[in-house]
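As structure tokens, the structure follows; a few thoughts come after it.
Every number here is computed from the coordinates shown, using simple stated rules; none is lab data. Worth saying up front: this structure is predicted, and the values here are computed from it rather than measured. Cβ placement follows ideal geometry from the backbone for every residue including glycine, while neighbour counts extend to all protein chains displayed.
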């Protein structure tokens, strides 16, 4: 009888510990994801010191919740992998917001609801840029580099495209790996083929 | 046996505690700019919307325990860089942003404007398919105070300055203690 009691109590203890560890693991992943997203944004927006004589203006965009791969992929009109060939000069619109255009040479389309020609360059309008010695920083905006290989989720704007969910909708391809952020994983770093498969599955489900 | 069970449960909770507090987190994020005085006047360009939808969030921050006050100055047709801090509503077709707030350069704030993106549907009363004006404006007024967006889904999701906003969401209307600490640190 005494032995049975010990087994029951031991079993209960193990179950409680398992539950606590499971819960702790979940909390840890959520916490880590949040910190990774915040850190990625900081790195993205302010990697270089401000040159002397330049001024900085901040722009903050509030984004829709649930910036998950599923939502981003389903919202996008165009999902494409390609190479950044041109980063244009900054300009402001009639509302005073500053943008610059990024031109992407597509290599592979995953979703193309706007029927872009397979070999046509894609112009993407991006928040921020430097204009007349004034740096317009947009913390939530994606940042592109010349010749960068990218995997982007794009929405159709008035004339050109824009990155859906801003910073969450642009990933860099480096050494056959996709790098960026999303809400379910925090920092993304996975094999291009695995990521492609995931995106294709999401689009297929819709 | 009882001691062993207590030890197991105690260890579990200790692990939770360590795992969730192991890395530093932002309580609030201050972007190092400040209004020259403890007040900011704002103008409205929101024809068709009840001004109370903007005045409510202003009062929320005014009642946060700091001497800083937002004051409604009147109507102004939004023009960028005109010296009048204005809240407007326009369609921004080239972004998924729900609202955008833009400051001015320099160490002191001279003008800040907020534009609500009319690409989306807006509501007053927590309608599940609309973005709530008061919820979003309370967040944007945080940017007027130069508090930055926070993105930690674990530690920040209940704060007004959490950077992602859901339809029908109203929790940003009430300030979290960290938001209150933010304004009281700056002013």
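Brief remarks follow.
- Cα-based helix-to-principal-axis angle, B:2-21 vs chain B, degrees rounded to 10: 30 degrees
- Folded to 0 to 90 degrees: helix B:177-186 orientation relative to chain B principal axis, Cα: 60 degrees
- Sites residue A:22 and residue B:30 - FRET efficiency at Förster radius 35 Å, r taken between beta-carbons, to 0.05: 0.45
- Taking N as its residue count, the alpha carbon Rg of segment A:22-106 over 2.2 N^0.38 Å: 1.48
- If the chain linking residue A:56 and residue A:42 were pulled fully straight, counting 0.36 nm for each residue of separation and taking away their Cα-Cα distance, it would gain 3.5 nm.
- Rounded tilt (10° steps) of A:2-45 against the dominant C-alpha axis of chain A: 10 degrees
- Mean projected area of the convex hull spanned by the Cα atoms of segment A:55-205, taken over all viewing directions: 9.0 nm².
- Average beta-carbon neighbours from other chains, 10 Å sphere, peptide A:31-44: 5
- Residue B:93-residue B:126 FRET efficiency (beta carbon distance; Förster radius 25 Å; 0.05 resolution): 0.40
- Residue-averaged beta-carbon neighbours from other chains (10 angstrom radius) around A:95-101: 5
- Mean Cα-pair separation over length for chain B, i.e. relative contact order, pairs under 8 Å, 6 or more apart, %: 24 percent
- All-pairs Cα distance distribution in the protein assembly as shown, expressed in whole percent, bin size 20 Å: 26, 52, 18, 4, 0
- Cα-based shape type of segment B:34-95, given that a ≥ b ≥ c are square roots of the gyration tensor eigenvalues and the cut on a/c is 1.5: prolate
- Gyration tensor analysis over the Cα atoms of segment A:5-69 returns equivalent ellipsoid semi-axes of 48, 14, 7 Å (largest first, whole Å).
- Shape category assigned to segment B:91-187 from the gyration tensor of Cα positions, a/c cut at 1.5: oblate
- Cα gyration tensor shape of segment B:56-127, rounded if a/c is under 1.5, else prolate or oblate by comparing a/b with b/c: oblate
- In this calculation the C-beta distance from residue A:123 to residue A:190 is compared with R0 = 35 Å, giving a FRET efficiency of 0.80.
- Compared with the direct C-alpha span, the chain from residue A:203 to residue A:145 gains 18.1 nm at full extension, assuming 0.36 nm per residue.
- Residue order, fewest to most surrounding Cβ atoms within 10 angstrom, among B:35, B:144, B:7: B:7, B:35, B:144
- In segment B:27-186, the convex hull through the Cα atoms has an average projected area of 8.8 nm², a quarter of its surface area.
- With a 10 Å cut-off around each Cβ of B:73-82, the average count of Cβ atoms from other chains is 2.
- Spin-label zone in segment B:97-125 - amide nitrogen under 18 Å from a point set 7 Å from the Cα of residue A:93 along the C-beta vector: B:97-103, B:113-122
- Label-point separation in nm, residue A:109 to residue A:158, each point 7 Å along Cα→Cβ: 2.5 nm
- Of interest is the spacing of the C-alpha centroids, which for segment B:83-116 and segment A:55-105 amounts to 17 Å.
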